Amino acid sequence: MKEEKEKGKNENSKARAFRSGYVSIIGRPNAGKSTLLNTILGQKVSIVTKKPQTTRNRIIGIKTLKDAQIVFMDTPGIHKKLHTKLDEAMMREARDAMREVDVVLFMVEPKLPGAAEKDILDLIIGGKKGKAGKNRKAVLFLLINKVDSVRKSKLLPVIQAYSELYGFDEVIPISALTGDGVDLLLERLPGYLPEGPMYYPEDLVTDQLERFMVSEIIREKVMEATFEEVPHAVAVEVTRWEEPQGEGGPARGLVRISADIWVERDSQKGIIIGKGGRMLKDIGQAARLEAEKLLNARVFLELWVKLRKDWRSDTKSISELGF
């Protein structure tokens with residue numbers, strides 16, 4: 001009887017053990033990685049547009065549950081055509097996010113796997129086409145996103161086709177947009193994480209600085225307002241950030257922010273400024289309103305459009321602009 005009580009006590013203690021770990025979200029451009037992260041966290045930490053390759057940096061999102069803390073890493077979409085130094089830097093970010101994590105979430109659309117998906121899977125598991133996953137110890141989930149856009153009957157062939165490629169630890173159909181399946185994902189993930197401490201305060205949802213998040217908001221608004229090559233030729237650099245100082249430190253009154261919008265061509269500069277400065281004014285207004293929500297303060301936002309020729313192919317420029 002005593003042994004049975006001790007056994008039950010140990011099992012209960014093990015069940016209550018706190019777990020923590022790192023999880024990377026990997027997939028093609030526009031697979032819905034940033035949307036998933038925002039849905040998981042219940043707020044926007046990663047910008048989202050319909051343009052491919054919106055995410056350029058590795059974005060950290062922190063989800064603290066009752067018995068676990070999951071540190072998610074949103075990554076640039078993986079693609080084979082690397083035209084610029086920026087493309088190369090983004091792919092390094094994505095590959096690095098596959099290493100030293102506990103779980104990799106491979107996110108795909110509800111379609112049969114094509115060459116691009118097979119290449120990414122090879123990269124994750126360290127197959128013939130990639131070394132990022134060599135000696136990979138991480139658990140691998142398959143997330144079939146956008147299930148709200150197809151009939152359920154069409155999912156079975158997709159699941160079967162992917163299962164024949166690799167023995168995934170979990171296969172979970174989800175909709176990052178509606179949240180369908182996200183609760184199941186959060187229910188399953190902790191079981192694959194090691195016992196460990198809480199790495200971040202429980203009320204923290206990202207480690208990104210406000211300065212960076214505002215620069216991303218501005219870039220998002222530029223991407224939404226422009227077309228063709230212009231969105232991808234843009235970088236944003238916050239050059240001034242002033243807050244009124246109260247007796248106990250910064251007191252959120254009016255936050256004054258200045259930012260430079262860098263482009264590669266004179267023609268792109270003209271497009272962003274627009275006739276009579278109208279386009280830039282609209283971009284600034286949209287960015288200011290969202291920045292005010294983020295900062296919970298009034299914002300005075302000043303934008304300048306500047307030229308830095310072929311910055312995406314210049315290693316020094318890429319480094320100076322934070323990539």
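The values are calculated or read from the model by the stated rules, or taken from the named source; none is laboratory data. Model, not experiment: these values are computed from the prediction. Every residue, glycine among them, receives a Cβ derived from its backbone with ideal geometry; neighbour counts consider all protein chains shown.
Points to keep in mind about this one:
Residue-wise test of (1) under 25 Å from S317 (Cβ atoms); (2) buried (at least 19 other Cβ atoms within 10 Å of the Cβ).
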| residue | (1), (2) |
| --- | --- |
| V222 | yes, yes |
| V234 | yes, yes |
| E242 | no, no |
| I257 | yes, yes |
| V263 | yes, yes |
| D266 | yes, no |
| K269 | yes, no |
| A286 | no, no |
| L289 | no, no |
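- Leading residue by the ranking (surrounded by the fewest Cβ atoms within 10 Å (Cβ to Cβ)) among those in the range 59-117 that are modelled with pLDDT under 75 and of a type in the set (A, V, I, L, M): L82
- Screening the candidates S175, S215 for the property of being more than 30 Å from Q268 (Cβ to Cβ), surrounded by 14 or more Cβ atoms within 10 Å (Cβ to Cβ) and under 22 Å from the mean Cα position of the chain (by Cα) yields one hit, S175.
- Check on E229, modelled with pLDDT under 85, assigned by TED's automatic domain parsing to the domain that holds V299 and not hydrophobic (A, V, I, L, M, F, W, C): yes
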